[in-house]
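One structure is given here, and the rest of the page talks about it.
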Amino acid sequence: MINVAIVSPDHSLEPVDKVIAEHDFGCQFFQYVYRKMSDIDDIYQDCKGKCDVIFFSGELGYHYIKNKFPDIRIPCTFTAYEPIDVLSILLQFQIEHPKTPLNRVFCDFLTVTNQYMDVTQYIKKEECPYFFEDTHYDYRHITGYAKKLWDEGKIDLILSRSINNLKRLDELHIPYVAVFPSEEMIVKSIRSALKELRLNQMDQKDELNVLIRLPFTEDIEQEEQEYREATVYKMLADFRKSTHMHFSINQGFNQFELHAQLETGTFEIEVLRPLLMEFKKKLGFPFRIGAGLGSSKERSRYFSEHALLEANRYGRNDAFFVGEEGTVTGPLSADTKLIYNYSNEKALNFAREQGINETNILKLISMFEQDEQQLLNSHDLASLLGITPRSASRILSKLADLKLVRLTDAIHPEKEVKQGRPTHYYCFMSENFRNALL
């Protein structure tokens, strides 16, 4: 399903909410409100990992994000006026304000960037309203231009679509009429954006991004750093040649980024394993790998960064993968690949309350979901969680105290009985575990 971010000022939220509630667009919406333009920075950071398109209720937010993030790869759009919509607005204004000629009005939504919506083709130049002719389309410049026209006595009123700017016009004592997009315009704009996105996706490929980081400590000399980087680069180039796989290799300081385009729906996590095992076998120094798959380069890079963060948390030479749903898979070298997601608020709250690392709880849930009957011991759990056996033993003891797992007399059928300290095995108390964490 397509995820759409709806971004609007708080004053514009009500008509957008109404449209979303009353129409089936076949997508999932995430709504965001900004009160000042800089709020869009944080909105974008949240959107880029989970949304396929960003839809703005007006042009100002759209132009802001395009100027602030010129390399943005998420499709952006806004509630666009058509010439017929603008002519309708002007006609309605003339009906309601017959004593105010259009050439005494400033329209802040008719700009050089939208070519004044072709109004000059329908209205004589000397009868046209004032347009906003500056290419810097933001609240400050709009207000400055409006004040200039007002102070020079050229206008009697403003037709304004800049809803968040109305308070400033009140402060300047400049009369205005607020222009809101109609429900029909909002519906038409959303459908148009989704149609264009779906058409683009027909030819779209999955983007795979892999980040390889070499953790350098302060005591590693420059020559050793260069040796490690050169070794990894050669291994990547040799692997690409021997497997006939097509991917780019970009090198930065202590990090490599691989990128490949794949036919949609053809990616399998196992394709990463041969490279990982080659690294584990031949590299005598630390490395961490994070891989991400997305519908765009930006999304796949975002996911690979999250996967790399998981690899860093794991703290061993291994790889993790994050896909479109934000689900983490790994460690990829293990026979048992844990699959978990940080959206489980119930589990996260439990982890915080009990003083257990959130990631470790999520991984335990993955183990439970894969096999409720499995036996747990501190050594095997430590290997999967990337912690010490002592830490794993403390977690098991804590869960036993909470009656989520219990000690069992069973012996793992695949483990040999050896002399020395006996291995303690635990099993899940399924109903209690499920009620507490799922």
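The values are calculated or read from the model by the stated rules, or taken from the named source; none is laboratory data. Nothing here was measured: the structure is a model prediction, and the numbers come from that model. Every residue, glycine among them, receives a Cβ derived from its backbone with ideal geometry; neighbour counts consider all protein chains shown. The area values use the complete protein model at the heavy-atom level, side chains included, leaving out ligands, DNA and RNA. Shrake-Rupley method; radii C 1.70, N 1.55, O 1.52, S 1.80 Å.
Applying the criterion of being open to solvent by less than 40 Å² (accessible area, probe 1.4 Å) and of a type outside the set (A, V, I, L, M, F, W, C) to the residues of region 6-16, the residue that is modelled with the lowest pLDDT is Ser12. Screening the candidates Glu229, Glu207 for the property of being closer than 21 Å to Asn317 by Cα, of a type in the set (Asp, Glu), open to solvent by less than 50 Å² (accessible area, probe 1.4 Å) and in contact with a strand residue (DSSP E or B) (Cβ under 8 Å, 6 or more places away or on another chain) yields one hit, Glu229. Within region 87-131, being under 41 Å from the mean Cα position of the chain (by Cα), of a type in the set (Val, Ile, Thr) and within 19 Å of Leu149 (Cα to Cα) holds for Thr111, Val112.
Quick check: is even one residue across region 203-220 out of contact with any Ser or Thr (no Cβ under 6 Å at 6 or more places or on another chain) and part of a helix (DSSP H, G or I)? For region 203-220, residues out of contact with any Ser or Thr (no Cβ under 6 Å at 6 or more places or on another chain) and part of a helix (DSSP H, G or I): absent.
Can you tell me which of Leu293, Leu236, Leu272 is over 30 Å from Glu224 (Cβ atoms) and buried (at least 20 other Cβ atoms within 10 Å of the Cβ)? Result: Leu293 is the single residue among Leu293, Leu236, Leu272 that is over 30 Å from Glu224 (Cβ atoms) and buried (at least 20 other Cβ atoms within 10 Å of the Cβ). Taken together, Glu353, Glu310, Glu324, Glu345 contain a single residue that is in contact (Cβ under 8 Å) with a residue 12 or more places away in the chain, acidic (Asp, Glu) and open to solvent by 10 Å² or more (accessible area, probe 1.4 Å), which is Glu324.
Selection of region 17-29 for residues being open to solvent by less than 80 Å² (accessible area, probe 1.4 Å) and either in contact with a helix residue (DSSP H, G or I) (Cβ under 7 Å, 6 or more places away or on another chain) or touching a residue at least 40 places away in the same chain (Cβ under 8 Å) (or both) yields Val19, His23, Phe25, Gly26, Cys27, Phe29. Of all residues in region 61-92, those satisfying the criterion of being of a type outside the set (Gly, Ala, Ser), closer than 26 Å to Tyr302 by Cα and either open to solvent by 70 Å² or more (accessible area, probe 1.4 Å) or part of a helix (DSSP H, G or I) (or both) are Tyr62, His63, Tyr64, Ile65, Lys66, Asn67, Lys68, Pro70, Asp71, Arg73.
Residues are listed down the side, and each one gets a yes or a no for (1) among the aliphatic types (A, V, I, L, M); (2) modelled with pLDDT of 95 or more:
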position: Met245; (1), (2): yes, no
position: Gln251; (1), (2): no, no
position: Glu263; (1), (2): no, no
position: Arg273; (1), (2): no, no
position: Gly284; (1), (2): no, no
position: Arg288; (1), (2): no, yes
position: Lys297; (1), (2): no, no
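Note on region 363-382: among residues that are open to solvent by 60 Å² or more (accessible area, probe 1.4 Å), assigned to a helix (DSSP H, G or I) and not charged (D, E, K, R), the one that is farthest from Leu404 (Cα to Cα) is His379. Can you tell which of Ile142, Ile155, Ile95, Ile174 is of a type in the set (A, V, I, L, M, F, W, C), crowded, with 18+ Cβ neighbours inside 10 Å and not in a loop (DSSP other than H, G, I, E, B)? It is Ile142. Among the listed residues Lys125, Lys148, which satisfies the condition of being within 29 Å of Asp39 (Cβ to Cβ), exposed (fewer than 13 other Cβ atoms within 10 Å of the Cβ) and out of contact with any Gly (no Cβ under 8 Å at 6 or more places or on another chain)? Of Lys125, Lys148, the one residue that is within 29 Å of Asp39 (Cβ to Cβ), exposed (fewer than 13 other Cβ atoms within 10 Å of the Cβ) and out of contact with any Gly (no Cβ under 8 Å at 6 or more places or on another chain) is Lys148. Can you pull out the residues in region 246-299 that are in a loop (DSSP other than H, G, I, E, B) and free of Cβ contacts under 8 Å to residues at least 24 places away in the same chain? Scanning region 246-299 gives His246, Phe253, Glu268, Gly284.
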